[in-house]
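Take a look at the structure set out below.
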Amino acid sequence: MAPPITADQSDRAVVNAPVTLLTAPIGGEIDTLTALPGSDVRDGDRLAQISNPRVDRSTLISLEEKSSDARQKLDATREKGASDRAYVASLEAELASQTEQLKMQFQSQIEELRARVSQSNAQSGEKKVLVERQSNMVTRNTASMDMLRPTTQQYAAAMHNADAERAKLNQKIAQLNALNGGIYVGEELVVLNNLAQKRRDIDLDAQRMEIEERQQSAILNDLDRLIDAEQKRLASLEGADVLSRGSGKVLTIGAAMGRHVNAGDTISSVVDCDKRFVVAIFSYRQGQNMMPGTRVRIDGSTFRTGIVSAVLPKTSDKVDERFAVPFPQTERRELYAIITPEATNEADAPVRETQASDTAACAVGQWVTVTRDNGMVPSMSVTWRRLGNLVASWTHDDGSETAQNHPIDADTRRAGMAQPEASKADENWWSRTRTLVSR
């Protein structure tokens with residue numbers, strides 16, 4: 001037999017497939033568990049349901065207390081603002097009423113002052129005429145200056161009185177005009193000035209209440225958003241579903257009904273049977289012969305042929321976590337050949353899988369034999385096993401007691417007879433094998 005470093009065949013090959021670990025999104029107890037090993041699942045199927053009644057609600061309670069306080073402050077601010085606006089309205093009504101009364105009073109006083117001005121003008125005119133007559137009499141020496149002096153003083157007094165009355169009239173007109181313009185000047189307008197100042201103060205307070213109301217509303221809206229987010233978070237922590245993230249078959253179940261799990265614990269693993277591949281170990285000297293694109297034969301599985309898609313020098317535990325079974329252990333100067341099976345005639349492959357393979361999801365973990373197309377050098381272990389099967393089949397044909405105690409089924413016999421039949425078709429096979437062994 002040829003040494004393993006030159007063999008074109010390897011029985012250290014296993015069927016593998018990508019696996020998806022479904023973990024618990026929250027900590028809690030498993031209420032329902034519908035996943036069964038080997039069962040088919042589709043994307044979005046619920047495999048388990050977890051509930052957690054012991055959820056910390058202290059944050060939600062604190063937020064609700066803050067929201068209640070903010071709502072009370074907002075209501076108080078709104079009531080204070082409404083009270084200020086009502087007070088401002090009453091002050092404006094009172095100010096308007098007293099303004100109208102003062103306007104009427106000023107108008108009557110103005111009429112009275114105008115009459116007094118007219119009266120003063122008439123009196124000053126009368127005194128003026130008297131002064132002029134007495135002045136003529138003094139000029140004609142018919143009257144003395146002693147009679148003219150009192151009359152002249154009375155005329156001056158009448159002129160000053162008319163000026164005073166005119167000044168009062170102008171003052172009242174100015175106050176009326178200021179009152180119409182909302183300006184309160186003078187002793188008579190002190191009450192209105194106080195009312196106007198009070199109205200301004202209350203109006204400013206009402207505006208401050210509006211600003212505070214908007215601030216409190218913004219704070220309350222923020223708290224409501226936080227409360228909604230916290231309620232959603234608590235709802236997600238109170239219960240959660242473990243959903244499948246793709247189609248495939250359930251490979252393992254890592255939990256049981258009523259069991260407490262922590263967030264991140266593995267509940268189930270789902271293997272993607274549509275992406276099955278074969279991992280075979282070959283000597284590093286076969287690296288050139290097992291380059292990507294090389295066609296191989298696969299024995300012992302439902303698929304017969306495949307194509308090498310990649311060649312890896314080694315693997316790691318982190319890589320193995322992504323697949324259903326770990327890669328087989330390699331020795332020095334060995335490599336991995338990743339083989340993608342061809343889907344042709346998969347259902348017609350006359351292979352009888354073992355009982356362990358029947359229970360496994362889509363034959364993941366099944367050991368197979370990989371042979372390079374047009375390969376000339378068989379594997380030593382495969383050849384010895386086939387020779388053993390051949391001897392067992394011959395013993396069974398002789399009807400000996402050993403064969404009766406250990407019967408060989410038809411599949412084993414066909415596997416044992418396959419190599420001799422192939423060698424008969426190629427007469428030079430045994431000679432080539434002996435030549436390689438002698439080397």
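The values are calculated or read from the model by the stated rules, or taken from the named source; none is laboratory data. This structure is a prediction, so every number in the text was calculated from the model and none was measured. Here the Cβ is made from the backbone with ideal geometry for all residues, glycine too, and neighbour counts use every protein chain on show. SASA here: full protein model, heavy atoms, side chains in, ligands and nucleic acids out. Shrake-Rupley method; radii C 1.70, N 1.55, O 1.52, S 1.80 Å.
Limited to region 226-237, what total is found for residues that are closer than 11 Å to SER51 by Cα and either polar (S, T, N, Q) or over 19 Å from the mean Cα position of the chain (by Cα) (or both)?
Result for region 226-237: 1.
May I ask you to say which residue of LYS249, LYS232 is of a type outside the set (A, V, I, L, M, F, W, C) and within 30 Å of PRO326 (Cα to Cα)?
LYS249
Of all the residues that make up region 311-342, how many are closer than 27 Å to VAL250 by Cα and either surrounded by 13 or more Cβ atoms within 10 Å (Cβ to Cβ) or more than 39 Å from the chain's Cα centre (by Cα) (or both)?
The total comes to 16.
When the residues of region 252-268 are filtered to those that are part of a strand (DSSP E or B) and open to solvent by 30 Å² or more (accessible area, probe 1.4 Å), which remaining residue is farthest from LEU21 (Cα to Cα)?
Going through the qualifying residues, I end up with HIS260.
Answer yes or no as to whether VAL55 is at pLDDT below 85 and farther than 30 Å from PRO328 by Cβ.
When the stated conditions are applied, VAL55 passes them.
Anything in region 27-75 that is within 20 Å of ALA235 (Cα to Cα), part of a loop (DSSP other than H, G, I, E, B) and of a type in the set (A, V, I, L, M, F, W, C)? List them, or say none.
If the condition is that a residue be within 20 Å of ALA235 (Cα to Cα), part of a loop (DSSP other than H, G, I, E, B) and of a type in the set (A, V, I, L, M, F, W, C), then VAL55 is the only one that fits.
Every residue, every condition in (1) over 30 Å from ILE338 (Cβ atoms); (2) of a type in the set (A, V, I, L, M, F, W, C); (3) assigned to a strand (DSSP E or B); (4) out of contact with any Cys (no Cβ under 7 Å at 6 or more places or on another chain), yes or no:
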residue: LEU226; (1), (2), (3), (4): yes, yes, no, yes
residue: ALA235; (1), (2), (3), (4): yes, yes, no, yes
residue: VAL242; (1), (2), (3), (4): yes, yes, yes, yes
residue: ARG245; (1), (2), (3), (4): no, no, no, yes
residue: VAL250; (1), (2), (3), (4): no, yes, yes, yes
residue: VAL270; (1), (2), (3), (4): no, yes, yes, yes
residue: ASP274; (1), (2), (3), (4): no, no, no, yes
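Of all residues being touching a Ser or Thr at 6+ places or on another chain (Cβ under 9 Å) and hydroxyl-bearing (Ser, Thr, Tyr) in region 266-300, which is nearest to ARG12 (Cα to Cα)? Just the residue, please.
Of everything passing the filter in region 266-300, SER283 is nearest to ARG12 (Cα to Cα).
Being at pLDDT 75 or above, charged (D, E, K, R) and surrounded by fewer than 17 Cβ atoms within 10 Å (Cβ to Cβ) is the filter here, so list the residues in region 343-375 that pass it.
Residue satisfying the conditions is ASP373 alone.
Quick check: anything in region 130-146 surrounded by 15 or more Cβ atoms within 10 Å (Cβ to Cβ) and not in a helix (DSSP H, G or I)?
So far as region 130-146 goes, yes, one or more of its residues are surrounded by 15 or more Cβ atoms within 10 Å (Cβ to Cβ) and not in a helix (DSSP H, G or I).
Within region 208-216, can one find any residue that is in contact with a Gly (Cβ under 9 Å, 6 or more places away or on another chain) and open to solvent by 80 Å² or more (accessible area, probe 1.4 Å)?
Yes - at least one qualifying residue is present in region 208-216.
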